[in-house]
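Q: My structure is below; once you've seen it, I'll send some questions.
Readers should treat all values here as calculations from the given coordinates under stated rules, not as data from a laboratory. The model shown is predicted, which means the values in this text are computed figures rather than measured ones. Glycine also receives a Cβ, built like all others from the backbone with ideal geometry; neighbour counts cover every protein chain displayed.
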Amino acid sequence: MEMRQLQYFVAVADEEGFTAAAHRVHTTQPNISAQIRGLERELGAALFDRSGRSVRLTDAGRAALPSARAALAAARDVTHAVSEVRGLLRGSLSVGMVEGCTMAPLFTALGTFGSAHPKVALSLRESPSDRLIAAVADGTIDVALAGYGDELPRGVDSFTVISEPLVAVMPANASFGAKANLDDLRQHSLICLPRGAGIRSVFDDAAATRGGPIRPAIEASSPDAIVELVCSGMGIGILSASIAAADERVTGLPIEGVDVDARLGFVWRGDPSPATRRFVELTREAFAAPE
């Protein structure tokens, strides 16, 4: 008994005819008929009643059909499992990360993956979040840690590591009230991350829908630089809540008018390679582990 015979048997049963089944499995009607006859001889029973205008299963055929389907499914599972292993024995994985990333769990996942799969060529690229997400969407990068807001390109999956509101960052001794209003901030010198950063994109989108774009006085390349500039009196910074809370020299005030949280997380295409799928699993484990 051959897998091909079982495939033809299931096709004829589904299509209720030899000609339609032949089209489905890309062979000829005489060939599929010959293979079914060979299967019937081996089993010692007719699988189809050919007396009518359409082909019907016999009692033996009905009894055999579930097992034939199961055998074909098992064969597909074997093929898939081997493909997964081959993809992790050889291949490549390109990983992107937002510029200035210092998140230890990411590097833990990279190290674990590299040790477990040394024959997979691993590459790492730093870039602004918007470029990373675009590269994932067009297949240039397999997976990336990037910042984003509410929406991602069609076909891109994600899991979020951090989701938190934006705050206006100012010296801890500043007198500004309990909150910062987006309209009031337009009157001050603002210090922001460059365009393309996830935090900046959330802020720009909120400003655009509430009075128009806001052009910052200074664009700083990293959150640490923004904090230092704020402490030196150069203006008000725009960062996420946890970044502001990490330095006692500054305080972060919630911004009225910015209703979308800034998110940092992993993004990848919805049809990942075996290497990408495994790396995403490792990042989930790394970020879920207690520090």
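Q: Just round it to a whole percent: the fraction of Cα-Cα distances in region 166-260 exceeding 18 Å.
A: Numbers: 1550 of 4465 pairs.
Of all Cα-Cα pairs in region 166-260, 35 percent lie more than 18 Å apart.
Q: Is there a quick way to get the dipole size of the chain? I mean about its Cα centre, with the Cβ of Lys and Arg at +1 and of Asp and Glu at -1; what is the value in debye to the nearest 20?
A: Working: 28 positive and 35 negative charges, 272 e Å.
It works out to roughly 1300 debye.
Q: Provide MET3, MET97 in ascending order of the number of other Cβ atoms located within 10 Å of each residue's Cβ, fewest first.
A: Working: MET3 12, MET97 23.
Placing the least packed residue first, the sequence is MET3, MET97.
Q: As I understand it, the dipole of the chain uses +1 on the Cβ of Lys and Arg and -1 on the Cβ of Asp and Glu, about the Cα centre. Which of ILE133, VAL12, LEU43 lies farthest toward its positive end?
A: LEU43
Q: Can you list residues whose amide H is under 5 Å from ALA172's amide H, if they're 5+ apart or on another chain and H is modeled 1.01 Å from N?
A: Here VAL250, THR251 satisfy the definition.
Q: Have a look at ALA22, ALA168, ALA262 and tell me which one the Gaussian network model of the chain (Cα, springs below 10 Å) gives the largest fluctuation.
A: Of ALA22, ALA168, ALA262, the Gaussian network model singles out ALA22 as fluctuating most.
Q: Two decimals is fine: what's Rg over Rh for the chain, C-alpha atoms, Kirkwood radius as Rh? Let's see the in-between values first.
A: Working: Rg = 29.6 Å, Rh = 23.5 Å.
The Rg/Rh ratio comes out at 1.26.
Q: Restricting things to Cα coordinates, could you compute the convex hull volume per residue of region 3-87 in Å³? Walk me through the numbers before you get to the answer.
A: On the way: hull volume 8.2 nm³, N = 85.
So the per-residue hull volume is 97 Å³.
Q: Using Cα springs under 10 Å in a Gaussian network model of the chain, which residue among ALA144, ALA172, ALA197 shows the largest mean-square fluctuation?
A: ALA172
Q: If you don't mind, there's one more thing I want to ask. Would you grab the residues whose amide H sits under 5 Å from the one on VAL143? Only those 5+ places off in sequence or on another chain, please, with H modelled 1.01 Å from N.
A: SER94, GLY96
Q: Using the 10 angstrom Cβ neighbour count as an exposure proxy, how do LYS119, LYS179 rank, fewest first? Walk me through the numbers on the way to the answer.
A: Values: LYS119 8, LYS179 13.
Fewest-to-most ranking of LYS119, LYS179: LYS119, LYS179.
Q: Can I ask one more? Using only C-alpha atoms and all pairs of different ones, pull out the Kirkwood radius for region 155-210 in Å with one decimal. List each step's numbers first, then the result.
A: On the way: mean 1/r = 0.0739 Å⁻¹.
By the Kirkwood definition, the hydrodynamic radius is 13.5 Å.
Q: Among THR58, GLN29, ALA71, whose Cα projects farthest towards the positive end of the dipole of region 3-87, with charges put on the beta-carbon of Lys, Arg (+1) and Asp, Glu (-1)?
A: Farthest along the dipole direction, towards plus: GLN29.
Q: Which of these, SER51, SER273, SER158, has the largest mean-square fluctuation under a Gaussian network model of the chain (Cα springs below 10 Å)?
A: Of the options given, SER51 has the highest mean-square fluctuation.
Q: In percent, what relative contact order does region 161-291 have, based on Cα pairs under 8 Å that are 6 or more apart in sequence? Write out the running numbers ahead of the final one.
A: On the way: 204 pairs, mean separation 55.4, N = 131.
Dividing the mean separation by the residue count of region 161-291 yields 42 percent.
Q: In whole Hz, with x marking every Gly and Pro, tabulate ³J(HN,Hα) for region 91-96 from phi via Karplus 6.51 cos²θ - 1.76 cosθ + 1.60, θ = phi - 60°.
A: x, 8, 9, 9, 10, x
Q: Something else now. Collect residues whose amide H, placed 1.01 Å from N in the peptide plane, falls under 5 Å from the amide H of ASP157; neighbours closer than 5 in sequence don't count.
A: TRP268, ARG269, GLY270
Q: Further question: Can you order the peptides 149-155, 122-128 by their average number of other Cβ atoms within 10 Å per residue, highest first?
A: Numbers: 149-155: 12.0, 122-128: 14.7.
Going by the mean number of other Cβ atoms within 10 Å, highest first, we get 122-128, 149-155.
Q: Sort VAL169, VAL267 so the one with the fewest other Cβ atoms within 10 Å of its own Cβ comes first. Provide the component values of the computation, followed by the final result.
A: Details: VAL169 30, VAL267 25.
Exposure proxy ranking, most exposed first: VAL267, VAL169.
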